[in-house]
1. Based on the mean of other Cβ atoms within 10 Å per residue, sort peptides 112-122, 85-95 so the most packed one is first.
2. Give the accessible surface of the chain per residue, rounded to a whole number of Å², with probe radius 1.4 Å and ligands, DNA and RNA excluded.
3. Sorted by average packing, counted as other Cβ atoms within 10 angstrom per residue and highest first, what order do 39-51, 125-137, 19-31, 67-79 take?
4. Tell me, in nm to one decimal, what length is gained between Gln48 and Gln136 on full extension, where the rule is 0.36 nm per residue of separation less the Cα-Cα distance?
5. In the chain, carbon and sulfur make up what percent of the accessible area (probe 1.4 Å)?
6. How large is the convex hull of the Cα atoms of region 12-106 per residue, expressed in Å³ as a whole number?
Amino acid sequence: MDTPYIIEPDWPARRPSAYPGSIVPIITPNEDLLVLQDLKWGFEVGWQKGLVFNTRIESALGPRPGMWKKPIAEGRCIVATAGFFEPHASETIRSARTGKEIKRQYFFATTGDHPTFLAAIRNDDAFSIVTTEPNQWMSPIHKRMPIVLETSEVPLWLSGSFEALADRSHTELEVIPADELEPAEQPTQQRLL
């Protein structure tokens, strides 16, 4: 984990985007190594239309984990990103592209000079972001948040007793309205990494 990880090697020429259904390079454990594996964001399920792209940690660790039992036990992985976007629960702005009222998007990232690591789980060729209760930086904007990991917590998520990582109250986040970002950094989809 001390090896530098460049998440955008050809920035600013190209800034990769991720959204449910897209293929994303995910950090997965493979024996004693961490490797990149291209996985689809979201599990296909027969009981709903669309993909299940988030996993509530409370459900995965609960008494009836259902579809989450094997992925949380055997498929923990990491999404390394510059940050992520979430829509505000009620605040709206006028879209510069369409002129219609839309929910205002916010960009979240860890503070410091390192990638933002998100806890995820995988099953076969797909992954899901693991979410928890929002902390003080997220709660004014959204009712859930990804489990954002410090670099030192990544090994614990991948192979240790990780249950305590559900509490993200201490995880400081940088929060910027997406419409205040440089044009090349603004989201082109509703939910981007």
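The values are calculated or read from the model by the stated rules, or taken from the named source; none is laboratory data. Quick caveat, the model's predicted, so the values are computed rather than measured. When we count neighbours, we look across all protein chains shown, and the Cβ atoms used for this are built from the backbone with ideal geometry, even at glycine. For accessibility, only protein heavy atoms count, side chains too; no ligands or nucleic acids. Shrake-Rupley method; radii C 1.70, N 1.55, O 1.52, S 1.80 Å.
1. Result, highest mean first: 112-122, 85-95.
2. 56
3. The densest-packed peptide leads the list: 125-137, 67-79, 19-31, 39-51.
4. Additional length available on full extension: 28.5 nm.
5. Summing carbon and sulfur atoms, their accessible area is 50 percent of the total for the chain.
6. 166
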